[in-house]
Amino acid sequence: MIQPRRMISALLENVSRVIVGKEEAIEYVLIAMLCQGHVLIEDVPGVGKTTLASALARSLDCSFRRIQFTPDLMPSDVTGYTLVNMTTGVEEFREGSVMSQVVLADEINRTSPKTQAALLEAMEEHQVTVDGVTHSLPRPFIVLATQNPNAFVGTYPLPEAQMDRFFLRIGIGYPTVVQEMDVLERYTGQVKPMEQLQPVCSAGDVIAMQEAVNTVYCSPEVRSYVANLAAATRNAPALQLGLSTRAAIALLRGGQACALLSGRDYVIPEDIQHMVMPVCCHRLVLNPEAKMKGVTAESVMAAVLKGVQVPVRL
């Protein structure tokens, strides 16, 4: 029988050989994987966004494709296209880069909104429709997207519909001096850490762990807690757009994964609180007045979390 805690520990250790001192960020990515969710890694250039995504892909014995999002990338490059075989006269489907178990969407906000939208169906329904024909994606399926902040030149902000399809968003941040010294030592040798990574988890193991998450019990009180948090964001004066039902489901599933990794078969409020910021903040849309006042989605979510009563009986 698969042991999720042991498997996640092995994955965390393996990825940490490449990404130094960022255990929390790695853990969040692994939780998203357990919840069949997609991850948006957003930070300034050069802090290891693509490296983190690539390291996870190498740690999983799954099919992997990288899509470099550029201004000239077309939707058909992502989803695939059909053409007529001139020899047989039969239409054939040519797979796009998204037809893989692990997809790295590198610098996703450097391509046009039209091409960004090509991922919407794949991320939500795990399928693509090309010329009226639907093609299922392999299991497991996870999109690891990286992007620089929208203030940087040559980027297109992701639409709300796509942001809502990312299970969580994380940042990496700069390393400490000690951590950076460790990075410099590892990356100045003849053999690079990424080249030494070997898979520690198969596709079957990932699917088994994802199914184990579904068995974690969630009481009516905890479900009510999640629903009240979502409702509170919809009534927050600073927000133009609060949490969707998809976001509430993601928050609850994140709590189930946290409980599983803690060795419990039931969710407690602390599991939900642990997942609130990475799952919720990127889905909130501030109104113009709040933006002018320097209000952030994180500060609004923190106030909501403080204002909603925590259940005491589970």
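The values are calculated or read from the model by the stated rules, or taken from the named source; none is laboratory data. Keep in mind the model is a prediction, meaning the values are calculated, not measured. Please note: Cβ atoms are built from the backbone with ideal geometry, for glycine as well, and neighbour counts cover all protein chains shown.
Only one of the numbered conditions (1) in contact with a His (Cβ under 9 Å, 6 or more places away or on another chain); (2) of a type outside the set (A, V, I, L, M); (3) in a loop (DSSP other than H, G, I, E, B) is violated by PRO45, and that is (1). As for the stretch 254-262, it holds at least one residue that is under 17 Å from the mean Cα position of the chain (by Cα) and under 19 Å from LYS306 (Cβ atoms).
Here is a yes/no grid of residues against (1) surrounded by fewer than 18 Cβ atoms within 10 Å (Cβ to Cβ); (2) among the acidic types (Asp, Glu); (3) modelled with pLDDT of 90 or more; (4) closer than 22 Å to VAL183 by Cβ:
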{"residue": "ILE2", "(1), (2), (3), (4)": "yes, no, no, no"}
{"residue": "ARG6", "(1), (2), (3), (4)": "yes, no, no, no"}
{"residue": "VAL20", "(1), (2), (3), (4)": "no, no, no, yes"}
{"residue": "ILE31", "(1), (2), (3), (4)": "no, no, yes, no"}
{"residue": "CYS35", "(1), (2), (3), (4)": "no, no, yes, no"}
{"residue": "VAL39", "(1), (2), (3), (4)": "no, no, yes, yes"}
{"residue": "LYS49", "(1), (2), (3), (4)": "no, no, no, yes"}
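Does ALA297 satisfy being touching a helix residue (DSSP H, G or I) at 6+ places or on another chain (Cβ under 6 Å), crowded, with 18+ Cβ neighbours inside 10 Å and of a type in the set (A, V, I, L, M)? So ALA297 fits the description; yes. The set of residues in the stretch 76-103 that are free of Cβ contacts under 8 Å to residues at least 12 places away in the same chain and of a type in the set (Ser, Thr, Tyr) comprises THR87, THR88. When the stretch 164-197 is examined, which residues are found to be of a type outside the set (Phe, Trp, Tyr), more than 17 Å from THR51 (Cβ to Cβ) and in a loop (DSSP other than H, G, I, E, B)? Within the stretch 164-197, ASP164, ARG165, THR176, GLN190 meet the criteria.
Whether a residue is among the hydrophobic types (A, V, I, L, M, F, W, C), outside the structural domain of VAL103 (by TED's automatic domain parsing) and surrounded by 13 or more Cβ atoms within 10 Å (Cβ to Cβ) was assessed, and ALA231 passes this test. For the stretch 51-60, a tally of residues being touching a Pro at 6+ places or on another chain (Cβ under 8 Å) and either at pLDDT below 85 or part of a helix (DSSP H, G or I) (or both) returns 2.
Count of the stretch 46-80 residues, restricted to those that are under 23 Å from LYS192 (Cα atoms) and either in contact with a Phe, Trp or Tyr (Cβ under 8 Å, 6 or more places away or on another chain) or among the charged types (D, E, K, R) (or both), is 7. Yes or no: ASP43 in contact with a Gly (Cβ under 9 Å, 6 or more places away or on another chain), not assigned by TED's automatic domain parsing to the domain that holds LEU251 and not polar (S, T, N, Q)? Taking the combined requirement at face value, the residue satisfies it.
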